[in-house]
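Participant: Right, I'll just put the structure down here and ask away after.
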Amino acid sequence: MKPAILLVDDDLAICDVLRDVLNEHVFEVMVCHTGNDALTAIGQHPGIALVLLDMILPDINGLLVLQQIQRQRPDLPVVMLTGLGSESDVVVGLEMGADDYIAKPFNSRVVVARVKAVLRRSGALALETTTTKTSGLHFNGWRLDTDRCQLFNAQSEQVDLTQGEYGLLLALMQNGRKVLSRERLLELTHSESLEVFDRTIDVLIMRLRRKIEINPHQPVLIRTIRGVGYVFSADVVHAENNAA
């Protein structure tokens, strides 16, 4: 089955462009132009695998829609669509659990790349390659699978990561034991398919600590170096991929 994407935006031109682009990449696309219609659609269509949600809607603020989605279907990935100057909404959205954000105006290729990345992590999109269980980066019994962009704990249970969290954790682990400033982390996590600005670094660090630290309030893996930045304090082992 095609992964179903719900696009929520009141800009008809943007909806037409995104629907055409996503349809070309074998996605089924549903479109809603208001927040209330989106919430109704989510309730009626359990097969929706991802929501592309504009933050500015004619009836409800996008953050309120995000909040309702988190209550209604907490496992449903949400990627925010934001206009210029919406940094504060992005930070709040990430704190509320949004998986990623895309700033307008956007490149359609970037949208497809991010949608695929989120769907792979959620398991809604099949991987194109087969890898061994041991490939990736290892620390303290944990494994970051760099082929699937997935994190597994010491019990081999998957720990869900958003695209921003994955990119930041990868940058920290690839520079283990090195102190990295926010500016350096911005450089390491910026790519065609991921944009991160200064304030989101702290939000993503907080979210990562909640997922990998025994006590997020007294972190030992991702430590803060006051006035400088952050350091990943565990030893990282690089395991080769031995796919058959």
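The values are calculated or read from the model by the stated rules, or taken from the named source; none is laboratory data. What you are looking at is a predicted structure, and each value in this text was computed from that prediction instead of being measured. FYI the Cβ positions are ideal-geometry reconstructions off the backbone, even for glycines, and counts take in every protein chain you see. Accessible surface is based on the protein model in full, side chains and every heavy atom, while ligands, DNA and RNA are left aside. Shrake-Rupley method; radii C 1.70, N 1.55, O 1.52, S 1.80 Å.
Participant: Among the numbered criteria (1) loosely packed, with under 14 Cβ neighbours inside 10 Å; (2) assigned to a strand (DSSP E or B), which one does Pro46 miss?
Facilitator: So Pro46 meets the others, but not (2).
Participant: Let me ask another. Collect the residues in the stretch 67-88 that are under 17 Å from Gln163 (Cα atoms) and either of a type in the set (S, T, N, Q) or buried (at least 17 other Cβ atoms within 10 Å of the Cβ) (or both), keeping them in residue-number order.
Facilitator: Once the filter is applied, which keeps residues that are under 17 Å from Gln163 (Cα atoms) and either of a type in the set (S, T, N, Q) or buried (at least 17 other Cβ atoms within 10 Å of the Cβ) (or both), the stretch 67-88 yields Leu76, Pro77, Val78, Val79, Met80, Leu81, Thr82.
Participant: Further question: Please verify whether Leu39 is part of a helix (DSSP H, G or I) and open to solvent by 80 Å² or more (accessible area, probe 1.4 Å), treating the condition exactly as stated.
Facilitator: The answer is no for Leu39.
Participant: Okay, next question. If we scan the stretch 14-35, do we find a residue that is on the phi > 0 side of the Ramachandran plot and either open to solvent by 70 Å² or more (accessible area, probe 1.4 Å) or not in a loop (DSSP other than H, G, I, E, B) (or both)?
Facilitator: yes
Participant: Here is a further query. With the condition being under 25 Å from Cys32 (Cα atoms) and either at pLDDT 90 or above or among the aromatic types (Phe, Trp, Tyr) (or both), I'd like the strands (runs of 3 or more DSSP E) fully within the stretch 81-184 carrying at least 1 qualifying residues.
Facilitator: Ranges flagged: 100-103.
Per-residue answers, yes or no, for (1) closer than 28 Å to Leu76 by Cα; (2) surrounded by fewer than 23 Cβ atoms within 10 Å (Cβ to Cβ); (3) among the small types (Gly, Ala, Ser):
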position: Phe152; (1), (2), (3): yes, yes, no
position: Glu157; (1), (2), (3): yes, yes, no
position: Leu169; (1), (2), (3): yes, no, no
position: Met173; (1), (2), (3): yes, yes, no
position: Gly176; (1), (2), (3): no, yes, yes
position: Leu180; (1), (2), (3): no, yes, no
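Participant: Here is a list: Ile205, Ile212. Which entry is crowded, with 18+ Cβ neighbours inside 10 Å, under 25 Å from Thr82 (Cβ atoms) and at pLDDT 90 or above?
Facilitator: Ile205
Participant: Further question: If the Cβ limit is 9 Å and pairs must be 6+ apart or interchain, which residue in the stretch 8-35 that is in contact (Cβ under 8 Å) with a residue 40 or more places away in the chain and charged (D, E, K, R) pairs with which residue that is surrounded by 14 or more Cβ atoms within 10 Å (Cβ to Cβ) and assigned to a helix (DSSP H, G or I)?
Facilitator: Asp9/Cys15; Asp9/Leu18
Participant: Is there a residue being closer than 23 Å to Gln163 by Cα, under 22 Å from the mean Cα position of the chain (by Cα) and surrounded by 19 or more Cβ atoms within 10 Å (Cβ to Cβ) anywhere in the stretch 54-61?
Facilitator: yes
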